[in-house]
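One structure below.
The values are calculated or read from the model by the stated rules, or taken from the named source; none is laboratory data. Please read all numbers here as calculations on a predicted model, not as lab measurements. Because the Cβ atoms are built from the backbone with ideal geometry, glycine has one as well, and the counts that use them run over all protein chains shown. For the accessible areas, the whole protein counts, side chains as well, though only heavy atoms, and no ligand, DNA or RNA atoms are used. Shrake-Rupley method; radii C 1.70, N 1.55, O 1.52, S 1.80 Å.
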Amino acid sequence: MTTHPLPPLRISITCACSMHLALFPLDEQTCTLDIASYGWAKNDLIYVWKEGNPVQLAGNLSLPGGFKLGAFGSRYCDVKTTTGEYSCLRVDLLFARQLSFFLVTVYVPCSMTVSVSWMSFWLDHKAVPARVALGVTTLLAMSTTQASIQNSLPPVAYTKAIDVWSGVCVFFVFSALLEYALVNYASRSDAQRAAKQKERKEKELELCAFNAEQIEDSSHTHSLDPLLRRIEGAQFIPPASIYPPRLPTNRVSLWMRNFKFAAKKIDVFSRVFFPSVFAIFNCLYWSFYLTREQQNKR
């Protein structure tokens, strides 16, 4: 049997790789390239990897789509069918996504938009146009960012990591807008309560003045001293009203007691609550998805 050496061939091919985007953009994709012959069985044709370094890549290799080649390897993938056994070579390519691009274009802008929505907590609750405009503007900006992210990705039936991030950011911005609605309602309640207290105090002053006139004009008092006449005709004051009220010992209660109106208390509470919850969400989000990424590497 005579063999003829084949001349070296260079083949350019375009391959497609199916991806699972549940961890996007913190994901790593493993793509495989198989070289096999389904027309010649292993008795006729056998593929063998070259010893040493069978897979060679260019030194200045650059990939589009924010990917970088993390690792690659070569192995055999022989196939056994009813018609025989066929030789197969397989190349495994591990593509890692460059997170810095998405940090600059997605995560940082979303975090800044959420932080800007919190600036309304420091504005006066009477500044209705400023707070409403700030809340609506940040909500529209966050919705536009979320829509642009969805348009740049293929539609899938499962939730991606970027969907969780953008959805929570939209929820925080929307919650800041709802917070002002609650503050506006509390401010109107405070105004009504203050008006009722003012009306009650005016009635009490009128009642006290009327009682004083009755005491002065009463004929049953025999004391010549005006002070004694006032004391004898005065109403009984309970001892509990003389002692000062007990102040709360909790520091948080003392701090919240400094703010007279409920609307101001809600704003002050939101200044601490919203950033704290967002920081906790960041810790849970990054620890969960980065841990899942490390498990995928294994």
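Summed over the range 151-160, residues that are open to solvent by less than 70 Å² (accessible area, probe 1.4 Å) and under 17 Å from the mean Cα position of the chain (by Cα) total 1. Please verify whether the range 85-96 includes one or more residues that are among the acidic types (D, E), open to solvent by less than 60 Å² (accessible area, probe 1.4 Å) and over 30 Å from W165 (Cα atoms). Yes, that holds for at least one residue.
Picking from residues in the range 108-148 that are touching a Lys or Arg at 6+ places or on another chain (Cβ under 9 Å) and open to solvent by less than 50 Å² (accessible area, probe 1.4 Å), the one that is farthest from A181 (Cα to Cα) is W118. Of all the residues in the range 20-53, those that are farther than 30 Å from T82 by Cα and modelled with pLDDT of 85 or more number 10. Taking the range 59-76 as the range and being over 33 Å from the mean Cα position of the chain (by Cα), in a loop (DSSP other than H, G, I, E, B) and within 14 Å of L93 (Cβ to Cβ) as the test, only L61 passes. Annotation note: Cβ proximity below 6 Å between a residue of the range 39-50 that is of a type in the set (S, T, Y) and a residue that is not in a loop (DSSP other than H, G, I, E, B) (sequence gap 6+ or interchain) occurs for Y47/L89. Does the range 21-28 contain at least one residue that is surrounded by 13 or more Cβ atoms within 10 Å (Cβ to Cβ) and not in a loop (DSSP other than H, G, I, E, B)? Yes, because at least one residue in the range 21-28 is surrounded by 13 or more Cβ atoms within 10 Å (Cβ to Cβ) and not in a loop (DSSP other than H, G, I, E, B). Take the residues in the range 272-298 that are at pLDDT 90 or above and open to solvent by 70 Å² or more (accessible area, probe 1.4 Å); name whichever of them is nearest to F95 (Cα to Cα). Within the range 272-298, the match that is nearest to F95 (Cα to Cα) is F288.
If you scan the range 97-120, which residues turn out to be under 18 Å from the mean Cα position of the chain (by Cα) and aromatic (F, W, Y)? Hits for the range 97-120 are F102, Y107, W118. Remark: T32 matches the filter, which requires a residue to be under 43 Å from the mean Cα position of the chain (by Cα), at negative phi and of a type outside the set (A, V, I, L, M, F, W, C). Under the condition of being under 19 Å from I162 (Cβ atoms) and touching a helix residue (DSSP H, G or I) at 6+ places or on another chain (Cβ under 7 Å), the residues counted in the range 108-137 number 4.
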